[in-house]
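Report on the following structure.
Read-outs throughout are calculated quantities, based only on the coordinates presented, and are distinct from any laboratory measurement. Predicted model only: the values in this text are computed from it and were never measured. Here the Cβ positions follow ideal geometry from the backbone for every residue, glycine too, while neighbour counts run over all protein chains shown.
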Amino acid sequence: MSNPPTTPEEIAAAAKANAATFLPSIPPEVDHARPILEEYSGIAPGDVDAHLFTIREKAWSIFPYGCIGSFGFLNLQPTLQDPLFQTVTTRLQSPEAAETFLDVGCSFGQVIRQLIHAGVPSERLYGTDLRPGFLDLGYDLFRDRDPEKSKATFIAGDMLRDDDAELDRLTGKIDIIYAQYFFHLFEREDQLKAAKRMVRFLRPGNPNVVIFGRNGGPKVDGWEKYVLDANAWRQLWDEVGEATGTSWRTEMEMESGDDWIKATFAVYRAV
Ligand SMILES: C[S@@+](CC[C@H](N)C(=O)[O-])C[C@H]1O[C@@H](n2cnc3c(N)ncnc32)[C@H](O)[C@@H]1O
């Protein structure tokens, strides 16, 4: 299998594997995104559902992630309830703020639009994703392709390649990185590559840089390879530090049920 999967055969196999996630109706969790679609995007409330079905159809054909079939990509609840996300939003909203925010693996840029809707100046917001089709569809989803409406920057790039010239545009520019449901896509070796790439994005002179987000999902066989525990996460960032001449302090909280696992993490510069 190519990593990440991109061939037509791999896309067809993923569509089959994730078929059960393809919901016939829009779940209530999406309600958190409705104010953005109605107030920021200007979609009439009665037209939102039809708009979302159209966008999901297109997104599923780009890559059929379970979170697309289930409309999970518009479930902003875990993000909005995250105390660190709330702190970061306040930090970015401050009139004196000059800090920048990058969402890695942002798919449609829904978190970026949440921040714009919350009053954060769009020119300080960045999103990146492997699949340019998702970034492009984000403009259709939120109806903000016009640079007069949003000056957020979206860059298509592969976080596992350290020679991706597009991503080099972010080098040294970013203060806050959000990575939700991103690291858990990869086994440890690739998580290490992505983490080292993130370090290159961070502004060297800012002691308050932070990388945060969450991993998790169903407790399928071998989940430990993807959702690292607190110890493994600290060791990974020790290795990142050694490789990049930097030093990191990690936090991780894990919660686990019989058939699910959730890991919320933050990584701070050790000063
Ligand atoms: C499970 S989705 C999570 C999306 C979003 N962060 C959220 O919380 O809803 C993972 C995203 O990571 C992107 N992705 C996968 N591999 C990547 C890579 N190597 N570099 C950058 N993005 C990648 C996918 O295209 C997808 O949009």
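Looking at the chain, the DSSP beta bridges with both ends there are about 50 percent antiparallel. Annotation: extensible slack from residue 270 through residue 29 equals 83.1 nm (criterion: 0.36 nm per residue apart, minus Cα-Cα distance).
Its relative contact order, with pairs defined as Cα atoms under 8 Å and 6+ residues apart, puts the stretch 10-119 at 33 percent.
Counting other beta carbons within 10 Å of each Cβ, put 223, 248 in order, fewest first.
Least to most surrounded, the residues fall as 223, 248.
Modelled spin-label separation between residue 238 and residue 200, with each label point placed 7 Å from Cα along the Cα-to-Cβ direction: 2.6 nm.
Averaging the sequence gap over all C-alpha pairs within less than 8 Å and six or more residues apart, then dividing by the number of residues, gives the stretch 77-269 a relative contact order of 17 percent.
Determine the dipole magnitude for the chain: charges of +1 sit on the beta-carbon of Lys and Arg, -1 on that of Asp and Glu, nothing else is charged, the reference point is the Cα centre, and the result goes in debye to the nearest 20.
With only Lys, Arg, Asp and Glu charged at Cβ, the dipole is about 440 debye.
For the chain, the 222 nm mean residue ellipticity estimated from helices alone, with every DSSP H stretch of n ≥ 4 adding -39500 (n - 2.57) and the total spread over all residues, rounds to -10500 deg cm²/dmol.
Once C-alpha pairs closer than 8 Å and six or more residues apart are averaged by separation and normalised to the residue number of the stretch 8-74, the relative contact order reads 53 percent. Think of the stretch 8-74 as a dipole: +1 on every Lys or Arg Cβ, -1 on every Asp or Glu Cβ, centred on the Cα centre; then among 66, 14, 46, 14 lies furthest on the positive end.
As a proxy for reagent exposure, 184, 32 were ordered by neighbouring Cβ count within 10 angstrom, fewest first; the result is 32, 184.
Put in line by how crowded their Cβ is, counting other Cβ atoms within 10 Å and starting with the fewest, 96, 57, 38 read 96, 57, 38. Backbone amide hydrogens, once placed in the peptide plane, bring residue 155 within less than 5 Å of 127, 128, 129, excluding anything fewer than 5 places away on its chain. How much FRET efficiency would the formula 1/(1 + (r/R0)^6) give for residue 118 and residue 96, where r is the Cβ-Cβ distance and R0 is 25 Å, rounded to 0.05? Calculated value: 0.90. Placing a label point 7 Å from the Cα of residue 251 along the Cα-to-Cβ line, the residues of the stretch 200-237 whose backbone N sits under 12 Å from it are 210-213. Backbone phi angles across the stretch 105-112, fed through the Karplus curve with coefficients 6.51, -1.76 and 1.60 (θ = phi - 60°), yield HN-Hα couplings of x, 7, 6, 8, x, 5, 6, 4 Hz in residue order; Gly and Pro are listed as x. Spatially, the stretch 232-270 and the stretch 201-215 are offset by 13 Å when compared through their Cα centroids.
Straight-line cross-link reach from residue 173 at under 18 Å between alpha-carbon atoms covers these lysines, not counting any fewer than eight positions away in the same chain: 151, 196. Relative to one another, the C-alpha centroids of the stretch 114-129 and the stretch 20-40 are positioned 20 Å apart.
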